[in-house]
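A quick write-up on the structure given underneath.
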Amino acid sequence: MELQRVSENCFAAINAKNRVCDANSGLINLGGGVVIDAQSDLGHARRMIELFGKVWPSMPKRVINTHEDGDHVWGKQLFEGAEIIAHRTVKELMPKVADPRETQHLVKAADGFLMQVPLKVLQPGALAVARQLREDYDFEGIRLVLPTTVFEERHVLDLEGTEVRLIYVGPCHQVGDTIIHVPEEKVVFAGDVIFRECTPMGWNGTYAKWLPVLDFIISLDPDVIVPGHGPDRGRDGDEGLPRIRAEESQRFYAQGLSALEASRRIDFGPYGDWRAPARLYMNVERAYREFRHEAADTPWDHAKVFDAVLAVAKARGIQVEF
Ligand SMILES: [Zn+2]
């Protein structure tokens with residue numbers, strides 16, 4: 001994890017490995033300190049606190065959650081007494097979506113010799129993702145901490161005269177998607193609305209909502225966009241991936257191909273160098289859900305998703321990575 005200064009008072013802790021769960025965090029070092037997202041496990045959250053500790057005078061008074069996924073909320077218990085701000089739906093959905101027990105069980109099952117055989121046969125994708133996760137993560141001891149302040153459309157913080165705008169943009173990648181705009185410093189913390197140099201994973205939301213949000217972020221004219229995953233830098237073009245995937249999915253859907261079959265064929269194009277290119281299956285399946293007019297919050301079978309990503313990687317002869 002690396003500390004980056006992105007503007008006078010804004011910082012980012014970037015997880016350079018950039019695989020699943022390697023989420024970024026932000027810091028606005030004004031008004032008692034505001035942290036944006038709290039990492040995937042306690043070890044990574046402690047590392048983030050250590051890095052931000054190099055620039056902040058004391059533990060921050062506020063934590064913002066960009067959405068409800070575990071990889072952005074599981075380190076929050078280390079911010080004792082902080083105000084925790086998120087969209088209303090994050091508070092409602094977190095207990096189910098970010099229940100750490102499912103991930104804890106998965107990783108434990110992959111550790112147990114006796115469980116490995118049935119997992120491999122029944123859920124080879126889940127076994128592969130569990131093996132990858134345990135290389136970097138320990139999900140034990142995580143306690144869910146819910147937001148203490150929720151908002152509906154917008155929430156504005158005045159930090160020593162610097163305005164910080166929390167803007168609800170969901171559901172595009174996930175139901176509670178919120179971006180944080182610091183106009184005076186021309187910075188946007190985009191959460192998982194933007195993935196960079198790793199293939200986006202979208203859960204409950206639609207491209208119909210996601211694509212206009214990308215335009216909206218550009219219309220804010222930021223100098224720096226800090227993505228939910230991947231390196232921070234300017235704003236050059238790579239927000240284009242969801243747009244391209246939505247268009248390609250449409251073409252294969254019209255030909256009657258399944259999402260899995262389409263994912264075996266879609267050209268990775270310039271995104272083949274991004275991490276975990278086989279995750280494109282999720283992009284395609286989400287597009288298909290819209291074409292079939294399914295609800296944006298139709299539940300996912302996680303084991304099936306991981307199996308499909310594994311199948312795409314194998315079919316294309318690329319390294320299995322999530
Ligand atoms: Zn994430």
Tally of residues being touching a helix residue (DSSP H, G or I) at 6+ places or on another chain (Cβ under 7 Å) and within 15 Å of the ligand (Cβ to nearest atom) across the range 21-54: 8
Lone qualifier among Ala262, Ala287, Ala254 - being free of Cβ contacts under 8 Å to residues at least 40 places away in the same chain and surrounded by 22 or more Cβ atoms within 10 Å (Cβ to Cβ): Ala262
Residue selected from the range 66-87 under the condition more than 10 Å from the ligand (Cβ to nearest atom) and touching a strand residue (DSSP E or B) at 6+ places or on another chain (Cβ under 7 Å), by the criterion nearest to Glu152 (Cα to Cα): His87
Search result, residues across the range 252-299 that are among the aromatic types (Phe, Trp, Tyr) and within 17 Å of Lys209 (Cβ to Cβ): Tyr288, Phe291
Boolean, Gly191 is open to solvent by less than 40 Å² (accessible area, probe 1.4 Å), out of contact with any Lys or Arg (no Cβ under 9 Å at 6 or more places or on another chain) and closer than 30 Å to Val284 by Cβ: yes
Among (1) open to solvent by 20 Å² or more (accessible area, probe 1.4 Å); (2) free of Cβ contacts under 8 Å to residues at least 40 places away in the same chain - the single one Asp158 does not satisfy: (2)
Count of residues meeting criterion [within 16 Å of the ligand (Cβ to nearest atom) and either open to solvent by 20 Å² or more (accessible area, probe 1.4 Å) or not hydrophobic (A, V, I, L, M, F, W, C) (or both)] in the range 55-65: 1
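The values are calculated or read from the model by the stated rules, or taken from the named source; none is laboratory data. Computed from a prediction, not measured in an experiment: that's the story for all the values here. Glycine gets a Cβ as well: all are built from the backbone with ideal geometry, and neighbour counts include every protein chain shown. Just so you know, the surface numbers come from the protein's heavy atoms only, side chains and all, with ligands and any DNA or RNA stripped out. Shrake-Rupley method; radii C 1.70, N 1.55, O 1.52, S 1.80 Å.
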